[in-house]
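Input: a single structure, listed below in structure tokens.
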């Protein structure tokens, strides 16, 4: 089991994708790449990621569509949009859809690393808060329920996190 931050990077420019993946792997990220939106969505169904870095403009399914799907299907995933074709309108729309940040290409590595750190911290805060809420609910159930009632409540709480 790796202690590295699991990062999904999606970009249709393969040379850029390979370059940024290599730079982040050297900085101790566990990187998985996809060169299009549908592949990214499929990969995210098979593996759990902490963060995703998405290109906005891609043929077919664009980064905004991928963002929408990933945020809907992965409750604690933080997504950063990295694009060379940004606009205020697309930044606002992506933020409304749950993007943690919106960065221009070309990117500064130090700035990107700082945003990745902040996004991971936000992810952990959300997850710990949700875990605390779940424990509080479980404690309330445990005080007045039978063992079978407690098991049912635990299963419901577990199903809420999938």
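Taken together, the values in this text are just the output of simple stated rules run on the coordinates, not laboratory data. Everything numeric here is computed off the predicted structure, so don't read it as measured data. Neighbour counts are summed over all protein chains in view; Cβ atoms, including those assigned to glycine, are modelled from backbone coordinates with ideal geometry.
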Can you tell me the orientation of helix 147-160 relative to the chain, as the angle in degrees between its alpha-carbon axis and the longest Cα principal axis, to the nearest 10? 10 degrees
Residues of region 86-130 with amide N under 14 Å of a point placed 7 Å along Cα→Cβ from residue 72: 97-98
For residue 96 paired with residue 150, estimate the spin-label separation in nm (one decimal), with each label point 7 Å from Cα along the Cα-to-Cβ line. 4.7 nm
Give me the angle, in degrees from 0 to 90, between the Cα long axis of helix 37-46 and the longest principal axis of the Cα atoms of the chain, rounded to the nearest 10. 30 degrees
Between the modelled labels at residue 124 and residue 16 (7 Å from Cα along Cα→Cβ) the distance in nm is 3.0 nm
Considering only C-alpha atoms, what is the centroid distance from region 60-88 to region 91-114, in Å? 10 Å
Highest average packing first - 3-10, 88-95, 51-58, Cβ atoms within 10 Å: 51-58, 3-10, 88-95
